[in-house]
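Engineer: This is the structure I have questions about; it appears just below.
The values are calculated or read from the model by the stated rules, or taken from the named source; none is laboratory data. As the structure is a computational prediction, the values presented were derived from the model and not from experiment. Counting neighbours? That spans all protein chains shown, and the Cβs are built from the backbone with ideal geometry, glycine included.
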Amino acid sequence: MCFSQLRPRVRFNRLMWRLVRQWFDPTLAGGTTPDYRFSLANERTFLAWIRTALALVGGGLAIAAFVPDLRVTYLREAIAGALVLLGAVVAIRAVDHWARSERAMRFGQPLPVSRFPAILAIVIAVGALALFAAIGADLLRAA
Amino acid sequence: MTNHDRDEMSTHRAPEWPEGSKPEGRKPQGRQPEPPKPDVQQELTLLSWRRVSLGAAVIVLVAGTSVLVHRAPLPTLALIAPAALAWAGILFVSYRRRAALSRQPAAAHATAPLLLSVLAVILALSAGGAALVIAALGAR
C-alpha cells in the first residue's frame, strides 16, 4: 500500500482517537469553563438518554420474556434483539452528544443539532406497529 | 424571554450584571420566572443519577428472574454474569458521581458519562443475549 492511500486512514484514526479522548474528558478540547448549571443540565440530558437506552433494553427483555410465540417465525426474537441493539446505540450516541454539547458550550458555539431523536421515534413507531400487526394477526387466526 | 436573555443563553453563560451597571429603566413585563438556584440543579442531577441506577436494577432483576423462572442452562447464566457486573459498575459510577456532586456542585465530569455509557452497552448486550437465548429455548 502506498503512502497516499495510507494517509487518509491515518488521519481518520487520529480523528477517531481525538473523538474518543474528548468522550473521556471534553475539557481536553480547550475553551473556557461554562457556567456549571449548563454543564449539569447537559449531564441530566445525557442521563435522560441513558434512561431511554435502559428502557429500550427493558422493553426488549420484556418482549423476549413475556410475549407469547408468534406465528411469524423469529419475529418476537427479531423485535427483542432490535430493541436491545437500539438501546446500545442510544447509549453510545448519548455520550457522543454530551461530549459535543460540552465542547460547544466551552467554545460559546451553538449547541449541536441532531436528527437522532426523529430517527429513534420513527424506528420505535415502526417496531411498535410491526408488533401490533403480528399480535393482531395471531389473535385473528386463533379466533 | 427577551432578546437579551436569548443572547445570554446563546453564549451559555450565567447572566451577570457588573456592580452598579444594572439598567434601572427596564421593567419586567408580567411575572418573570426566577432562574433555578444552583442547589436545585444539583439535586435534579443527583436524582437523575439515582433514576439511572434504578433503571439498571430493574433490567438485571427482569433478566435474572427470567433465567430463574425458565430454569435456563449454565451458558445463559454466563451471559447474565456480565449484566450483573455492569449493573454493579453502574451503581459504583453513580455513587462516585453523586458523592463528587454532593461535595462540590461544579465537580468536573471526569470519566463518569463515558463509563456509564460503556456499562449500559455491556448491560444491554449481555441481558439482551440472555433474553434471546431464553426466548429461543422457550420456543422449542
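Engineer: Test of understanding: among A:Ala121, A:Ala125, A:Ala134, which residue is part of a helix (DSSP H, G or I), at pLDDT below 85 and within 24 Å of A:Gly59 (Cα to Cα)?
Structural biologist: Result of the check over A:Ala121, A:Ala125, A:Ala134: A:Ala134.
For (1) over 30 Å from B:His70 (Cβ atoms); (2) in contact with a helix residue (DSSP H, G or I) (Cβ under 8 Å, 6 or more places away or on another chain); (3) at pLDDT 90 or above; (4) buried (at least 22 other Cβ atoms within 10 Å of the Cβ), each residue gets a yes or a no:
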{"site": "A:Thr52", "(1), (2), (3), (4)": "no, yes, yes, no"}
{"site": "A:Phe66", "(1), (2), (3), (4)": "no, no, no, no"}
{"site": "A:Gly81", "(1), (2), (3), (4)": "no, yes, no, no"}
{"site": "A:Ala94", "(1), (2), (3), (4)": "yes, yes, no, yes"}
{"site": "A:Arg103", "(1), (2), (3), (4)": "yes, yes, no, no"}
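Engineer: While we're on this one: Could you please find all residues in the range B:53-106 being part of a loop (DSSP other than H, G, I, E, B) and either facing another protein chain (nearest Cβ under 10 Å) or within 15 Å of the chain's Cα centre (by Cα) (or both)?
Structural biologist: Correct list: B:His70, B:Gln104, B:Pro105, B:Ala106.
Engineer: Between residues in the range B:116-135 that are facing chain A (nearest Cβ under 7 Å) and residues that are among the charged types (D, E, K, R), which pairs lie under 6 Å by C-beta distance while being six or more apart or on different chains?
Structural biologist: Close Cβ pairs (under 6 Å, with a partner that is among the charged types (D, E, K, R)) amount to B:Leu132/A:Glu77; B:Ala135/A:Glu77.
Engineer: In addition: Filter the range A:46-105 down to residues that are over 25 Å from B:Ala136 (Cβ atoms) and more than 16 Å from the chain's Cα centre (by Cα) and give me whichever is nearest to the other protein chains (Cβ to nearest Cβ).
Structural biologist: A:Met105
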